[in-house]
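S.K.: Before anything else, here's the structure in question.
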Amino acid sequence: MARNPRITFIGAGSTVFMKNIVGDVLQRPALSGATIALMDINPQRLEESAVVVNKLIATLGVKAKAETYCDQRTALVGADFVVVAFQIGGYEPCTVTDFEVPKKYGLRQTIADTLGVGGIMRGLRTVPHLWAICEDMLTVCPQAIMLQYVNPMAINTWAISEKYPDIRQVGLCHSVQGTAMELAHDLDLPYEEIRYRSAGINHMSFYLKFEHRQPDGSYRDLYPDLVRAYREGRAPKTGWNPRCPNKVRYDMLTRLGYFVTESSEHFAEYTPYFIKESRPDLIEKYGIPLDEYPKRCIEQIERWKGQAQAYRSADRIEVEQSSEYASSIMNSVWVGEPSVIYGNVRNNGCITSLPRDCAVEVPCLVDASGIQPTYIGDLPPQLTALIRTNINVQELTVRALVSENREHINHAAMMDPHTAAELDLDQIWSLVDDLLAAHGDWLPAWARTSRKTHAADRTSPGKDLTDGACTDVPCACDQPPLRR
């Protein structure tokens, strides 16, 4: 009798996200008998997630079973796949800190989960927890594949590959397929007729090809149609969030010749062009939603209160297929049925114009051998140059974490395009000091030392806050899971 897979969720209190992944998994025959091991440090959220999984199992009539754990290593024993989704520090206090402290310096942000001073701080809070998971995996499930859905994705993926190269891991985001769906909608075309190829880094990948299948089986380049629709005011159409009109990316298409995969509200803070304290006209022109992520956090927390009760009282929970890659990866590895996903992995020469050790987002073949990234070659030079500005920040943040060198945190902030466009050097260093002090015990001990103390002793031991995870805000990706 064939063995069923064991799938462990670390941060299972991200209930809505977990529900979508489990719903996808249980609809695949080869995975429908899986053991779903749910782990979270929040007993209430863990119990709510268990209710949801058991009702999904009953609704679909499958033989899967759910188990709950408060201890991480125990939950990982014998796992075949490890799904990671948590936010260290939650909305309060850490997200609030990431936004409010920079505001005192006149530095405004939109999402602050990937780059900028907010992304740097989130990386410092998050990576030690991911490393703790890697340690446990090497002990109790060394062959398991980590499906990592945590931001800052590129920093996390890079840091794992740097310190734990033997861990089989992939960082997953739905921005590539999600944006392709948005663009198909903008052009009134069926998504199923679109063909694309994308490459870059997480949240700054670009569609190198974006095409529409013709009746004769050939494909037509859609970039001229996208530019025309934008210039004629037919695109972008109103999306899922009316606060975010998506004008930044379309404008960048006309400047770069390629469309970026992550949203305008994200992209606006990865570059120095759009958010300037002295230029409110730019905020209005592009519809840039300042403080957008805190607003989403508040909305998600409030929405969950009603959703949790609805799940608890429901006799059954209807299951829809999401566009997340997790179940496709598990199915391909488990039964050997090939699939192609977009994953975040160590570059290793896939994109030859970017550093070999950075984390890139590229098409990956998945089969019984695991996740195999595909070769891209050089990106167009303007894309390479722009992406490198973000890699600089990611690299220095990873170097800070690996070497426990506090000064590299300052260096990372100095290299950030948006921060450097707004603040001078003294302001940047002072802001970093204030953020580190405000975050306190959410950060490893070496990052909390004063600059003078650190300069005198750069060998201070780090502190791994393995009990600090908070899952008040579900999922790494800030948009609602897309459906197809």
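S.K.: Take Arg195, project a point 7 Å from its Cα along the Cβ direction, then tell me which residues of region 204-229 have their backbone nitrogen under 17 Å from it.
M.R.: Residues 207-224 fall inside that zone.
S.K.: Rounded to the nearest 20 debye, what is the charge dipole size of region 124-226 about its Cα centre when +1 sits on each Lys and Arg Cβ and -1 on each Asp and Glu Cβ?
M.R.: Values: 8 positive and 13 negative charges, 71 e Å.
Its charge dipole is roughly 340 debye.
S.K.: Towards the positive end of the charge dipole of region 12-168, with charges on Cβ (+1 Lys, Arg; -1 Asp, Glu), say which of Tyr149, Leu124, Gly106 has the farthest Cα.
M.R.: Gly106
S.K.: Going highest first, how would you order 336-347, 271-282 by mean Cβ packing within 10 Å? Display every interim value, and only then the final one.
M.R.: Values: 336-347: 18.2, 271-282: 15.1.
Highest to lowest by the protection proxy: 336-347, 271-282.
S.K.: Where a Cα-Cα gap under 20 Å defines reach, which lysines qualify for Lys63, not counting those fewer than 8 residues away within the same chain?
M.R.: Within reach: Lys19, Lys55.
S.K.: List, in order, the whole-Hz ³J(HN,Hα) value for each residue of region 69-78 obtained from phi through the Karplus relation with A = 6.51, B = -1.76, C = 1.60 and θ = phi - 60°; use x for Gly and Pro.
M.R.: Along region 69-78, the couplings run 9, 9, 9, 4, 5, 4, 5, 7, 4, x Hz.
S.K.: Would you kindly state how much longer the chain becomes between Arg213 and Glu67 on full extension, computed as 0.36 nm times their sequence separation minus their alpha carbon distance, in nm to one decimal?
M.R.: Numbers: separation 146, 0.36 × 146 = 52.56 nm, distance 4.52 nm.
This chain segment gains 48.0 nm when fully extended.
S.K.: Here is a follow-up. Which shape class, rounded, prolate or oblate, goes with region 56-192 when its Cα gyration tensor gives a ≥ b ≥ c as root eigenvalues, a/c under 1.5 marks rounded, and past that a/b bigger than b/c marks prolate? Working shown, then result.
M.R.: Working: a/c = 1.82, a/b = 1.17, b/c = 1.56.
Note, shape of region 56-192 comes out oblate.
S.K.: How far is it, in nm, from the label point at Gln27 to the one at Arg279 when both lie 7 Å from their Cα along the line to the Cβ?
M.R.: That separation, rounded to one decimal, is 4.4 nm.
S.K.: Length gain on complete extension for the stretch Val335 to Val77, per 0.36 nm per residue less the alpha carbon to alpha carbon distance? Don't skip to the answer; put the middle values down first.
M.R.: Values: separation 258, 0.36 × 258 = 92.88 nm, distance 2.17 nm.
Residue separation times 0.36 nm, minus the Cα-Cα distance, leaves 90.7 nm.
S.K.: Please label the shape of the chain as rounded, prolate or oblate, based on the square roots a ≥ b ≥ c of the eigenvalues of the alpha-carbon gyration tensor (a/c under 1.5 means rounded; beyond that, a/b larger than b/c means prolate, else oblate). Let's see the in-between values first.
M.R.: Values: a/c = 1.44, a/b = 1.07, b/c = 1.35.
It comes out rounded by the Cα gyration axes.
S.K.: Show the residues, 5+ positions off or on another chain, whose built amide H is closer than 5 Å to the amide H of Arg195.
M.R.: Close amide H contacts, sequence-distant or interchain: Glu211, His212, Arg213.
S.K.: Also, quick follow-up: What number, in percent, do you get for the relative contact order of the chain if the mean sequence gap of Cα pairs under 8 Å and at least 6 apart is divided by its residue count? Don't skip to the answer; put the middle values down first.
M.R.: On the way: 986 pairs, mean separation 104.6, N = 484.
Contact order relative to length: 22 percent.
S.K.: Hey, another quick one. Only four residue types carry charge here, +1 at the Cβ of Lys and Arg and -1 at the Cβ of Asp and Glu. Report the dipole size of the chain about the Cα centre in Debye, rounded to the nearest 20. Don't jump to the answer; show the numbers that get you there.
M.R.: On the way: 50 positive and 60 negative charges, 91 e Å.
The calculation lands at about 440 debye.
S.K.: Given a Förster radius of 41 Å and the C-beta distance between Arg255 and Glu100 as r, what FRET efficiency does 1/(1 + (r/R0)^6) yield to the nearest 0.05? Let's see the in-between values first.
M.R.: Working: r = 32 Å, r/R0 = 0.79.
Here the calculated transfer efficiency is 0.80.
S.K.: With labels modelled as points extended 7 Å from the Cα through the Cβ direction, what inter-label distance (nm, one decimal) is found for Glu318 paired with Ala420?
M.R.: Computed distance between label sites Glu318 and Ala420 equals 5.1 nm.
S.K.: Which value in nm describes the separation of the simple spin-label points at Ala385 and Asp188, placed 7 Å from the Cα toward the beta carbon?
M.R.: 3.8
S.K.: Now for a different question. If you roll a 1.4 angstrom probe over the protein chains with everything in place, what fraction of the accessible area of the chain belongs to carbon and sulfur, to the nearest %? It would help to have the intermediate numbers written out before the result.
M.R.: Details: 9330 of 18470 Å².
With neighbouring chains kept in place, the figure for the chain is 51 percent.
S.K.: Please find the FRET efficiency linking Asp367 to Thr35, where r is the Cβ-Cβ separation and R0 is fixed at 22 Å, and quote it to the nearest 0.05.
M.R.: On the way: r = 23 Å, r/R0 = 1.05.
So the FRET efficiency works out to roughly 0.45.
S.K.: With a 10 Å radius around each residue's Cβ, average the other Cβ atoms per peptide and rank 158-167, 298-307, 61-70, highest first. Walk me through the intermediate numbers first.
M.R.: Numbers: 158-167: 19.3, 298-307: 13.1, 61-70: 15.5.
Descending packing order for the listed peptides: 158-167, 61-70, 298-307.
S.K.: Does region 331-390 classify as rounded, prolate or oblate by the C-alpha gyration tensor (a ≥ b ≥ c root eigenvalues; a/c under 1.5 gives rounded; else a/b over b/c gives prolate, otherwise oblate)?
M.R.: Values: a/c = 3.06, a/b = 2.77, b/c = 1.10.
Prolate, since a/c reaches 1.5 and a/b exceeds b/c.
S.K.: To the nearest 20 debye, what is the magnitude of the charge dipole of region 188-244 about its Cα centre, counting +1 on the Cβ of each Lys and Arg and -1 on the Cβ of each Asp and Glu?
M.R.: Working: 10 positive and 8 negative charges, 51 e Å.
Approximately 240 debye in magnitude.
S.K.: When ligands, DNA and RNA are left out and all protein chains stay put, how many square angstrom of accessible area per residue does the chain have with a 1.4 Å probe?
M.R.: Values: 18470 Å² over 484 residues.
On a per-residue basis, the chain sits at 38 Å².
S.K.: For Ala2 and Asp357, calculate 0.36 nm times their separation in residues minus their Cα-Cα distance, and state this gained length in nm to one decimal. If you can, show how the numbers build up before the last one.
M.R.: Working: separation 355, 0.36 × 355 = 127.80 nm, distance 3.83 nm.
Extra length from Ala2 to Asp357 when fully extended: 124.0 nm.
The values are calculated or read from the model by the stated rules, or taken from the named source; none is laboratory data. Here the structure is a predicted model, which means the values were calculated and not measured. Reconstructed Cβ throughout: ideal geometry from the backbone, glycine too, with neighbour counts over all protein chains shown. Accessible surface areas use protein heavy atoms only, side chains included; no ligands, DNA or RNA. Shrake-Rupley method; radii C 1.70, N 1.55, O 1.52, S 1.80 Å.
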